[in-house]
Amino acid sequence: MKTIQIKLFSICYTLFIALNLQAQQTMVIIQGGTIHLGNGKVIENGYLGFADGKIILCDSQITAMYKNAHIINATSKHIYPGIICMNTYVGLNEIDAVRATKDIEEVGGVNPNVRSLIAYNTDSKVTPTIKSNGITMVQVVPQGGLISGTSSIMKTEGWNWEDAVYKMDDGVHINWPELVSWRNEKMEDMKQRMDKEFNAISDFFEQAEQYNKIEKTEVVNVRLEAMRGLFVGTKKLYVHVNSAKGIISAIQFFKKYPTVKIVLVGAADSYKLKELIKENNIPVVLSNIHRLPQRANEDADQPYKTPFELMQAGITVAIGHAGSWESRNLLFNAGTGVAYGLSKEQALMCITQNPAKIMGIDKTCGTLETGKDATLIISSGDVLDMKSSVIEHVFIAGEELDLNNQQKELYKKFSKKYQIKE
Amino acid sequence: MKKLFTLIVLFSHVVSAQTTFPVNGPQNILLNYYALTNATIFIDYQTKIEKATLIIKDGKIEGVGVGISIPKEAKIIDIKGRFIYPAFIDLYTNYGVSLNSDRKNNNGFQQFISNKNGAYNWNESIRPEADAAILFTADESKAKIFREAGFGAVVTGLQDGICRGTSALVFTASGKEHELIVKEKVTSGFSFNKGSSTQDYPSSLMGSIALLRQTYYDAKWYKTQNKEKNISLELFSQLQTLRGIFAVNDKLGILRADKIAKEFGTQYIIKGVGDEYQRADEIKSTNLPLIIPINFPKAVDVDDPFDAANVSTADIKHWEMAPANAFALSKKQIEFAFTMSGCENANEFLKNLRKAVQYGLDERIALKALTATPAKFIKVENEMGALKKGMLSNFIVCSGNIFDKESMILETWSNGKKYFINENKELKTQGNYSLQLKGFENYILKIEGELSKPILSLIGKDTIKANLSEQFNMFNISFKPDKKSEGIIRINAWVEQKDTNTFPYQLKQLNGKATMIDGSTENFVAVYLDSIKSQPKKSDTTKAIILGEVVYPFTDFGWKNPPQTETVLFRNATVWSNENGGILKETDVAIQGGKIVAIGKNLKLNGAKEIDATGKHLTNGIIDEHSHIAITNGVNEGTQAVTSEVRIGDAVYSEDINIYRQLAGGVTSSQLLHGSANPIGGQSALVKLRWGLSPEKMKIEGADQFIKFALGENVKQSNWGDRATTRYPQTRMGVEQVMYDGFIRAKEYEQKLKIDATTRRDLELDALVEILNKKRFITCHSYVQSEINMLMHVADSMGFKVNTFTHILEGYKVADKMKKHGVNASTFADWWAYKYEVMEAIPYNAAIMNKVGLTVAINSDDAEMGRRLNQEAAKIIKYGNVSEEEAWKMVTLNPAKMLHLDSKLGSIKVGKDADLVLWTDNPLSIYAKPEYTYVDGICYYSLEKDKMLREEFRKERQRLIQKLISAKQNGEKVEKKISREDENYHCED
């Protein structure tokens, strides 16, 4: 009996959502809430309207009359742009410990041709838990090797990967050779390995640059083919590097290739090189600021305050989150940035406007401005603070998402079993 | 040359012949009777006699003193100006001793029992049968190195395994083993390292300790039984009549070894690693004598600032302070001997010995540590370590005071035999000489440089560098008369005259023949004029040695002076009391003597430091029910299904930087848990984060005892790769059986103990008996509902309760059953999807269990998350709507209850421990950070102190880096280095 009830409930819910989606062909106006634009600005008690998936109104007052508009009362609520999580492998990885559920790392060190969107599982059980925390877009990144592969920007909702992709093949990811203590290598071995890796990268980029100059090569090399976009500006190069010397050597190396636009990812030591990074106009994607300092002699709160230090230096900073299921905590990573220097709006920029800018999708998303996608979230409280983050609605391009997930279902099921209040 | 070689071989063969050996040809018995006269003799480390005579006969000292009569038969050797010392003794070597093992490689497969054939111990790393007297093979190339460093005899033993058998005292002389072994079974050897054993157990420090303890008990039991023949256990008992040398891996190892010694009523001699000054007071209080090495760490290359950042402050501080280790120990009157262990050659050893003296160590104590102390430790003080009548003639002859940089060991006598170390070094050639040589009439011949490395030049209208070589007091000099010249003038010269009134003998005149460029010969004469005034070098001893201070713990953010208990009045705080009053606004809290003494408004407390807490939140310190910080050398002894004998308390690591980082996150107490690699894991340690104190002092006094159990994928080894498929259990069915069987055996064991006093003491079962008797409590790692249910059934059937399920991610599915059983739940806020068994883990778990009425805690299992547990608690508000007060209790009062510490910890109540945190904001907010963290009324962290420490360490690093740079410039060898990060453990490690 219980099972039937639950099934019935689910069906009803699905119907409701379907009807809702149709309704949105007309205008929706969210009124009365605090609108956090994602660009640093806030509109108190504002109006946000959208139709056909685009924002047509975002203001503190309403001027025109909108017939048949669906009104969402957001008094005392907060409206934010959909959150963008960079540097994840959401959708590629279901269960960390079960190999069969992992599609994150291809064989061989140089794999720019492998594309994350191909394996992006829109039916993953993980994604709904991320979506319900307000994350509407993820940059899905292949892992491992020297050149791990090509990422795409995926929506956290979609029938299949074609449907879910927001920007296809946005960038190539490279793991820069550097000295690291966790490898437990002898110093000499480490240096030798680094030399080898560096030479491999160097050779490969020479090849790739030359290959790019030839419109139609005699023999097609899929790896080199995948690199073309880097030289013509359609793809970014994401350089995963943490150490100061790694950052310097990467920046120096890519000066040889002025058309290649690089982004630093991870970049734990970036706080030591603010001027260099700023001068070269390189954006930084910090990954998991909820982490331990790199070294015993670092300030205990260094990872927490790095976003502030970089932003103060005028660097475009995004906060990303490595992993899959863990990504749902991205917003709280940004919140920690606030405890250590950022303003709340600056912290929000690190997970909305700035990722959009860095990945080149800021013309259509990342902030709540007219003409952009109606990708947004409504929360009853501050989303950067777990204590008050209760996300009530999520829209991607005007479509409201189903925020239910397996975890919530289980919560309901067992609350009912014990007859406790949810 | 070949002839000479043959002669030497023949000669030495004859000398080493033994009484029982047949002789090939006529016997060649030599007169071993000498009188060394006019020497400065150290008859012991503190008694120096001048112009003295040492008479030795057949390897023994016949007489020593000033003006003693010399028998006619003795060959007199005048060694005026030279110093004689008792030869050194090294107590920690493996000279000529190793295992001839043909060990199998297990290729990653598990090995549960010893591969060794014969009736030996089940564990390969317990080797009481290793007898150095049997294993010893003389090795001239190694003996030579010891003699060069001044050692006449060494204790040698197997340096492999946890019990290393017995050692032997051997001469460093050449010869057959028969005459070299002075004494067998001199000491026994122990360590925490299993060495070359290929067996899985033990894989951790705590496992090594448990194995050694169990072996002590087994050996005792063995004597009372006749069912089993076990050579190892038989011999282990015999070891106990010997003095044990325990080789530790760091300063804290000394404290660990001491605990074992006290348990078994023995006293080890500790072989340390040279970092003892970092915990000198604690080491002093053990009263254990030490053997310390003087292989000082190499300087680090810090020329590259970014690379230099990868070296920890502890490493570079140790580089600076290691040479002062011996001095620091001597100041504390800790008794120690020196070992050459770790030094690559005699040169390094002697250089570092002098360095230790230069860093403040009294020469007499240094000498004592090489002679009298080691002799006393092994009870051969009547034979060695001094030069007295009747003692062995083991001594060294030096060109001067051995602690002088210029001084050299000329001879080492071992077993009555003389070995030249620096031959023909009695001549001092340095000085200015007037030169008589055609064409160079007005030139001065100048010889500079060190005694052993003379540098020659001719000084006249210009300075000509010449080559100089010497053998058997004959010199060969060659030089270009001027730069343009193509030819070379070559000279053969010999010592015509020397001054034997001094030592070394000053060269007075060289005569010789010069072969000129055209082939003609000319006479060559050089007559001594005067000595060369040496210019003091930069690095000379005259420069005062400045050292930084020892910090506690010896790492970044350690204290020079550990903080003290304060009397504090927190004024006007929002107080999260966790008591009936709930959250108290604008309230004062007073602490004194480590306790909370008053809560109220407008409190007054004499002598209290007032902290204005207006707008701030005062709470209890966070208690992490599930932590793996501050543990060294293995968090899991996962090599067997049941390892209840191991104790995290044996491996607490007080120097872990994560202790400080967690104080900065408001954590004040933690349960340090064994990992989850096996169904019945190890015993926990409950600690307070008393940053700077020793491991024992971190432990919470009088706390109940806990133990880790585990269920599911980890204990089944599901994710350990395809080779880990042989250890029982591999299924959840098997896990149940391991648990049942364990408790059934424990019950039987308890019965046996009651009726038979000779029952084998079993540390593994002891812990299980304690559980049955409610003297030890289970924290069980658990995920899926079936296994949770199972353990409660096992417990019920055995008549005890499970104390806590930790992780318990499917607790929400059986919360009602858990409530009925009365078990607590300590869970993650939102972890899931990292393995199959957590696919139905939900972040609402804590809230459901809480609402069902369980005591629920949120834990970390992770050094990083451990410093943000307040945020993890706040997630339970988001996921499941619990109140702020309830959420906050999940990281304070509730874990205190689970750990049976709530009478002292977990709420703000008069009389409870002053473990308090003042937060800048609501502690559940992402925007909050601790401003002060107090443990026992001692401020171990505050924003202000943190700022001060950062500055202090920034300066200290800067000073040390500048010092390293100048060391490199002064020619010290440097290496590039990345310091190892602290071990960050999780359950699975």
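Observations
- Span from the the stretch B:573-634 Cα centroid across to the the stretch B:170-245 one, whole angstrom: 51 Å
- Taking a Cβ cut-off of under 15 Å around B:Met792, the surrounding Lys, Arg, Asp and Glu residues balance to a net charge of +1, with basic ones at +1 and acidic ones at -1.
- Trypsin sites (Lys or Arg not before Pro) within the stretch B:601-646, DSSP loop, no more than 15 other Cβ atoms inside 10 Å: B:Lys601, B:Lys604
- Here the Kirkwood formula puts the hydrodynamic radius of the protein assembly as shown at 36.7 Å, using every distinct Cα pair.
- Simple spin-label estimate for B:Ser883 and A:Phe198 in nanometres, 7 Å along Cα-Cβ: 6.2 nm
- 10 Å Cβ shell holding at most 14 others, DSSP loop, GluC sites (Glu not before Pro): longest site-free stretch of chain B: B:702-971
- Three-way shape call for the stretch B:548-656 based on the alpha-carbon gyration tensor, with the a/c threshold at 1.5: oblate
- Cross-link pairs beyond the 30 Å C-alpha cut-off, checked among B:Lys229/B:Lys747; A:Lys278/B:Lys317; A:Lys305/B:Lys968; B:Lys57/B:Lys185: A:Lys278/B:Lys317; A:Lys305/B:Lys968
- Residue range of chain A that is longest and free of trypsin sites (Lys or Arg not before Pro) which are both DSSP loop and sparsely packed (at most 11 other C-beta within 10 Å): A:68-182
- Sites matching trypsin sites (Lys or Arg not before Pro) across the stretch B:709-784 that sit in DSSP coil, with at most 15 neighbouring C-beta atoms within 10 Å: B:Arg723, B:Lys774, B:Lys775
- Excluding the site residues themselves, the longest part of chain B lacking any chymotrypsin sites (Phe, Trp or Tyr not before Pro) in a DSSP loop with at most 12 other Cβ atoms within 10 Å is B:473-989.
- The distance linking the stretch A:271-317 with the stretch A:210-238 is 32 Å (Cα centroid to Cα centroid, whole angstrom).
- Helix runs (DSSP H) in chain A reaching 20 Å along axis by Cα, Kyte-Doolittle at least 0.0: A:2-23
- Counted over chain B, the DSSP beta bridges are approximately 65% antiparallel.
- Which of A:Ile420, B:Ile591, B:Ile113 has the fewest Cβ neighbours within 10 Å, and the rest in rising order: B:Ile113, A:Ile420, B:Ile591
- Across the stretch B:204-253, Cα-Cα pairs farther apart than 13 Å form 65% of the total.
- Along the axis of the charge dipole computed for the stretch B:534-672 (Cβ charges of +1 for Lys and Arg, -1 for Asp and Glu, origin at the Cα centre), the listed residues B:His628, B:Leu663, B:Gly548 are led at the positive end by B:Gly548.
- Shape category assigned to the stretch B:868-955 from the gyration tensor of Cα positions, a/c cut at 1.5: oblate
- The chymotrypsin sites (Phe, Trp or Tyr not before Pro) of the stretch A:147-223 that DSSP puts in a loop, and whose beta carbon has at most 14 other beta carbons within 10 Å, are A:Trp159, A:Trp182.
- DSSP-defined beta bridges in the protein assembly as shown - what % are antiparallel, rounded to 5: 65 percent
- Long-range lysine pairs (8 or more apart or interchain), the stretch A:26-118, Cα under 29 Å: 6
- Summarising the label geometry, the points placed 7 Å from Cα in the beta-carbon direction at B:Asn287 and A:Gln210 lie 7.9 nm from one another.
- This model, with +1 at the C-beta of Lys and Arg and -1 at the C-beta of Asp and Glu, gives chain B a dipole about its Cα centre of some 2020 debye.
- With a cut-off of 11 Å between beta carbons, the residues surrounding B:Ile77 carry a summed charge of +2, where Lys and Arg count +1 and Asp and Glu -1.
- Charge dipole (the stretch B:427-530, unit charges on Cβ, about Cα centre) - positive-most of B:Gln509, B:Pro481, B:Ser520: B:Pro481
- Debye-sum result for the stretch B:276-354 in log10 I(q)/I(0), which assumes one identical scatterer on each alpha carbon, at q = 0.21, 0.22 Å⁻¹: -0.98, -1.03
- 4 °C / 1.567 mPa s Stokes-Einstein diffusion coefficient of chain A, Kirkwood radius on C-alpha pairs, µm²/s: 57 µm²/s
- C-alpha center-to-center spacing [the stretch B:795-860, the stretch B:35-78] in angstrom: 81 Å
- Shape category assigned to chain B from the gyration tensor of Cα positions, a/c cut at 1.5: prolate
- Spin-label pair A:Asp123/A:Arg291, simplified geometry with 7 Å Cα→Cβ offset, distance in nm: 3.4 nm
Just so you know, all these numbers are worked out from the coordinates, no wet-lab data involved. On a predicted model such as this, the values are computed, not experimentally measured, just so you know. Using ideal geometry, Cβ is built from the backbone for each residue, glycine included, and neighbour counts are taken over all protein chains shown.
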